[in-house]
1. Is it fair to say A179 is on the phi < 0 side of the Ramachandran plot and in contact with a strand residue (DSSP E or B) (Cβ under 9 Å, 6 or more places away or on another chain)?
2. Just checking, does the range 86-102 include any residue being among the aromatic types (F, W, Y), modelled with pLDDT under 95 and closer than 28 Å to V155 by Cβ?
3. Out of all the residues in the range 43-85, which are among the polar types (S, T, N, Q) and either surrounded by fewer than 17 Cβ atoms within 10 Å (Cβ to Cβ) or modelled with pLDDT of 95 or more (or both)?
4. Just one of the numbered conditions (1) closer than 19 Å to T165 by Cα; (2) assigned to a helix (DSSP H, G or I) is not true of S109; which one?
5. For A147, indicate whether it is small (G, A, S) and more than 21 Å from I96 (Cβ to Cβ).
6. Check every one of the helices (runs of 4 or more DSSP H) wholly within the range 118-199 and list those with 1 or more residues that are crowded, with 20+ Cβ neighbours inside 10 Å.
Amino acid sequence: MNFRFGYLLFLIVFITVMACWFAFVAILVLRKQRVKTAEAKRDRASDYGLVLQILSYAVIWFVRREPFTPITRSSDALNWIFAAVTIILAVGSIWIIMAAINTLGKEWSVRARLIEDHKLATTGPYRFARHPIYTGMLGMLFATGLAISRWPALVIAIVVFLIGTMIRIKSEERLLRAAFGAEFDNYSRRVSAIIPGIF
């Protein structure tokens, strides 16, 4: 792969990932709830997990490699694969997050909580993962690492993210189990937490 073409390929990868980040921010931060909801219960322990998730993204953003270069100095075929995987991961992750938030509707929140008349989400992406928003966030972390960071930083970031995510999952599922009992237990036995069929 000549230098100019390689530079252009990874510039396209970078632009795609950045566009997905703008969409990510718009979805998670700028989205306004159309309906005011009364909060019934909240678990503040999930805030510690949120801090670790944010820290994992910080690792990726601050440990960067030379702009518009591949994550490894390997064959052209492998660089093409990494570029394609990065774009698919970024776009797919945003799609998963959007679908999950649309499924939750007024029940969506950044923090672990239940609202009055809360319903257990088991449709849309919740058919495949109990926490598809975290699936999308992990995908965005991985795509961003492939686009701008170095392998050691990506590995550390994924470990930190998974620790934070497990804290959040335990916190959220404590609330859901208390609210839905056997219904949630049956659902959690059928559906994986983050990665369908694996984790």
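1. yes
2. Scanning the range 86-102, I find no residue that is among the aromatic types (F, W, Y), modelled with pLDDT under 95 and closer than 28 Å to V155 by Cβ, so the answer is no.
3. Answer for the range 43-85, where residues must be among the polar types (S, T, N, Q) and either surrounded by fewer than 17 Cβ atoms within 10 Å (Cβ to Cβ) or modelled with pLDDT of 95 or more (or both): Q53, S56, T69, T72, S74, S75.
4. The one condition S109 does not meet is (2).
5. no
6. In the range 118-199, the matching helices (runs of 4 or more DSSP H) lie at 132-148, 151-180.
The values are calculated or read from the model by the stated rules, or taken from the named source; none is laboratory data. These numbers were taken from a predicted model, which means no experiment stands behind them. Cβ: placed from backbone, ideal geometry, glycine included. Neighbour counts: every protein chain shown.
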